[in-house]
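Take a look at the structure set out below.
The values are calculated or read from the model by the stated rules, or taken from the named source; none is laboratory data. These numbers come from a predicted model, not from an experiment. Virtual Cβ from ideal backbone geometry, glycine too; neighbours counted across all protein chains shown. These area figures cover heavy atoms from the full protein model, side chains too; ligands, DNA and RNA do not enter into them. Shrake-Rupley method; radii C 1.70, N 1.55, O 1.52, S 1.80 Å.
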Amino acid sequence: MSERTPLEIALAHSMTQEEYENTVNILGREPNYTEIGIISAMWSEHCSYKSSKKYLNGFPTKAPWVIQGPGENAGVIDIGDGYAAVFKMESHNHPSFIEPYQGAATGVGGILRDVFTMGARPIANMNSIRFASIEGDSETAKKHRFLLRGVVEGIGGYGNCMGVPTIGGETTFEDCYAGNNLVNAFTLGLAKKDEIFLGVAEGVGNPVMYVGSKTGRDGLGGAVMSSAAFTEDSESKRPTVQVGDPFTEKLLLEACLELFKEDLIIGIQDMGAAGLTSSSFEMAGRSGSGMRMDLDKVPAREENMTPYDFMLSESQERMLICAKKGCEQAVIDIFEKWELSVAVIGEVTDTGNMELYWHDELVADIPIQPLSEEAPILDRPVKEPEYLKDIENITMTKQLSSTDAFDILWKSLEVVDKSFIYNQYDSMVQTNTIKGPGSLDGSVIRIKETGKALAMSADCNTRYCYINPELGSAAAVMESGRNVAMTGARPLAITDCLNFGNPENPEVMWQFKHSCEGIKSACKELNTPVIGGNVSLYNETNGVGIYPTPSIATVGVNEDMNKVLSSSFKEEGNYICLIGESYSEFGGSLYLKEVEGQIGGVHPGVDFEAELMLWDIIIEANKLGLLESAKDVNVGGVAIALAKMCAVGDMGCDVNVAFEHEYDIFSESLSRAIIEIKPSNIQAFNDLAYKIGISYGCIGKTGGDVLAINSLYRKMEKVKNVYFNRFQEIIEQDL
């Protein structure tokens, strides 16, 4: 402190001068070095949501089935029979760009802890990962092949060791991710609905206990690093990426679940971003309590660590517990049994302050509520992006046959099967997976205890969000819910991960504002409340930001685990029907990108009523046993949806669809699905469609060894060869 003034140190910690002056007002004095580190982390974008909080207000968060909404480690919904689903999605984008294996692995570890901290056993993982194009010999392609391989290995390495199945996800490619790939991780857990634990610390004199791995210096500054854009020196930020140990986390999981069976604790909190700082302040802040901690009692794995190091370290696999007074030894016994570090490091007080001691010397004294209540809420400038002024002006110039266009779209890495990725994930551990990766649309696990099934899907078409952030974000909610409905489950709630560029750019904040409006509208109209989520900003390198990418994960319930609907054709000779209205809509489409080389156009029409009717007819028809399979129509339109159902189902089809233009088989109108139905069930389905009020048409039949759609004609042998082999060839080309 003698070499630099407190203000200079604060500015070096990415605080603004205004934030520093506010700190002085809160404390009534100048802060010391440790206090600056703590406050800068708590007020970082990553922890405080200071740029986004204004627009997150107003998300629909309530429904009769919502037990816990935003504000806790994870959201919770009632799934019936005394059970609850606990789930959340979070980002680990910056760390995964700097160090792909550990960045992705610790992202999985962090979201797992968020879920089992609530008292739930994790039973399913998903992920949403996005990269620049990995095709070709450019330095960017080589870099992103390296990033993708590292990220996938990290996700698989951690999830597999934890014994939690990775049952689905999505992988997409756009040039905008060249300097900033995205890694969003999702976990769902199962708990008794009356045995949910919260992250609170209350009751004067109750002990504050540290459990899990020892603390080192890894991850120092991680929250602040994730709150800034990248430049050429991003490689130098490797020390801010945490190192994960899934074997320790597995022990921590089992120890915590054993702990929850006893009446020993008041609350528990994962040490995530900003480590001991965020966990302690959040636990005390939620109850209006104070807290004293003796940092010299924190288990350490490195020599000469300082109070600053202990408070800001992001070492993995750690929890903070508020135990009941007198229960300390019982808690210690459980964690020592599982060979984990455990220590009483403090207690709850009534001072309202966070008092930190180092060998009995007070080294930090910070009012907790003011730090939370006076955290910056920024009203950043917004401006409609310049590129939107002529984004709708596109011209379709290529006069390709439908077969030639299909060949281009079918080999797109966005379309083809990605078994290279999902084969590295254990999708069958715990033996509850009914519909796993590679099977199209939503993923499904059974709940043995109730005979029900839970369906889930993570989705976002970032091109839609680029050309129209509001409608694109609404479409992401619709798509995620539609994939769940295609399995026969009723969508109930969402969690989100809002990935955007630099909030200091008014155009980015305009995108964010309108994206939030789209999510709000869709969730309200579709009755799928937001029960938690994450915001990731500053996804930008050297001034180039990503497209708006609000990843949406939806969870739904199927009342009968024996009635989970397939998304690939099942039997030759069945009718193929197209449900929903089709239009010539190509804005943000794969056809426009791959064939015309453009990303633009008018966003496809959004109709929430039509979307709900589509969900209703699939869910109700499935309950009645009328359907053999169902798949939504999305990227690549009817042609690509049919081809996927044929490839995965290992049979051809003969289809004729009346469209205005030949290329409309690739149009991307929303709220549509393809179903397979036995001839004997057509009349009953027709009666149901009439009752619900939705239009459909029988367009062909399953079977044969040819994919035939209007004038498009391809042998299934070639269709399957491209679909199942192309991705592997690309990702392994420089190994």
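Go through the range 1-30 and report how many residues are farther than 27 Å from E504 by Cα and touching a residue at least 24 places away in the same chain (Cβ under 8 Å). If you could, list the steps in order and put the result at the bottom.
First, pick out the residues of the range 1-30 that are farther than 27 Å from E504 by Cα: 1-4, 27-30.
After this cut, where a residue has to be touching a residue at least 24 places away in the same chain (Cβ under 8 Å) as well, the list is 1, 27, 30.
Within the range 1-30, residues that are farther than 27 Å from E504 by Cα and touching a residue at least 24 places away in the same chain (Cβ under 8 Å) number 3.
Does at least one position in the range 50-67 carry a residue that is in contact (Cβ under 8 Å) with a residue 12 or more places away in the chain, in a strand (DSSP E or B) and among the polar types (S, T, N, Q)? No, the range 50-67 contains no residue that is in contact (Cβ under 8 Å) with a residue 12 or more places away in the chain, in a strand (DSSP E or B) and among the polar types (S, T, N, Q). Among the residues of the range 627-641, none qualifies, meaning not one is out of contact with any strand residue (DSSP E or B) (no Cβ under 8 Å at 6 or more places or on another chain), open to solvent by 10 Å² or more (accessible area, probe 1.4 Å) and small (G, A, S). Here N686 clears all of (1) assigned to a helix (DSSP H, G or I); (2) more than 30 Å from E609 (Cβ to Cβ) except the condition numbered (2). Just wondering, is there one or more residues in the range 473-492 that are open to solvent by less than 10 Å² (accessible area, probe 1.4 Å), of a type in the set (V, I, T) and out of contact with any Ser or Thr (no Cβ under 8 Å at 6 or more places or on another chain)? Looking through the range 473-492, none of the residues is open to solvent by less than 10 Å² (accessible area, probe 1.4 Å), of a type in the set (V, I, T) and out of contact with any Ser or Thr (no Cβ under 8 Å at 6 or more places or on another chain).
Residue under question is G556, and the condition is that it be more than 30 Å from R380 (Cβ to Cβ), of a type outside the set (A, V, I, L, M) and assigned to a strand (DSSP E or B); does it hold?
Against the criterion (more than 30 Å from R380 (Cβ to Cβ), of a type outside the set (A, V, I, L, M) and assigned to a strand (DSSP E or B)), G556 qualifies.
Screening the range 240-274 for residues that are more than 25 Å from the chain's Cα centre (by Cα), part of a loop (DSSP other than H, G, I, E, B) and not basic (K, R) and picking the one that is surrounded by the fewest Cβ atoms within 10 Å (Cβ to Cβ) gives D263. When you scan the range 714-723, how many residues do you find that are closer than 15 Å to A641 by Cα and of a type outside the set (A, V, I, L, M)? Count: 3. If you go through the range 656-669 one residue at a time, do you hit one that is out of contact with any strand residue (DSSP E or B) (no Cβ under 6 Å at 6 or more places or on another chain), surrounded by fewer than 23 Cβ atoms within 10 Å (Cβ to Cβ) and among the aliphatic types (A, V, I, L, M)? Looking through the range 656-669, at least one residue is out of contact with any strand residue (DSSP E or B) (no Cβ under 6 Å at 6 or more places or on another chain), surrounded by fewer than 23 Cβ atoms within 10 Å (Cβ to Cβ) and among the aliphatic types (A, V, I, L, M). Report whether or not E620 is over 26 Å from the mean Cα position of the chain (by Cα), acidic (D, E) and not in a loop (DSSP other than H, G, I, E, B). Against the criterion (over 26 Å from the mean Cα position of the chain (by Cα), acidic (D, E) and not in a loop (DSSP other than H, G, I, E, B)), E620 qualifies. Picking from residues in the range 692-717 that are surrounded by fewer than 16 Cβ atoms within 10 Å (Cβ to Cβ) and out of contact with any helix residue (DSSP H, G or I) (no Cβ under 9 Å at 6 or more places or on another chain), the one that is farthest from E135 (Cα to Cα) is G697. Scanning the range 166-204 for residues being within 21 Å of the chain's Cα centre (by Cα) and in a strand (DSSP E or B) gives a total of 18.
Taking first residues from the range 84-107 that are farther than 15 Å from V535 by Cα and open to solvent by 10 Å² or more (accessible area, probe 1.4 Å) and partners that are assigned to a helix (DSSP H, G or I) and of a type in the set (K, R), the Cβ contacts under 6 Å between residues at least 6 apart in sequence or on separate chains come to E99/R238.
Is there a residue being out of contact with any Leu (no Cβ under 8 Å at 6 or more places or on another chain), open to solvent by 20 Å² or more (accessible area, probe 1.4 Å) and either in a strand (DSSP E or B) or at pLDDT 95 or above (or both) anywhere in the range 309-322? No: the range 309-322 contains no residue that is out of contact with any Leu (no Cβ under 8 Å at 6 or more places or on another chain), open to solvent by 20 Å² or more (accessible area, probe 1.4 Å) and either in a strand (DSSP E or B) or at pLDDT 95 or above (or both). Got a sec? Which of I134, I111 is β-branched (V, I, T) and either open to solvent by 10 Å² or more (accessible area, probe 1.4 Å) or out of contact with any Leu (no Cβ under 7 Å at 6 or more places or on another chain) (or both)? Going through I134, I111 in turn, just one is β-branched (V, I, T) and either open to solvent by 10 Å² or more (accessible area, probe 1.4 Å) or out of contact with any Leu (no Cβ under 7 Å at 6 or more places or on another chain) (or both): I111.
The set of residues in the range 449-496 being out of contact with any helix residue (DSSP H, G or I) (no Cβ under 9 Å at 6 or more places or on another chain), at negative phi and in a loop (DSSP other than H, G, I, E, B) consists of E449, T450.
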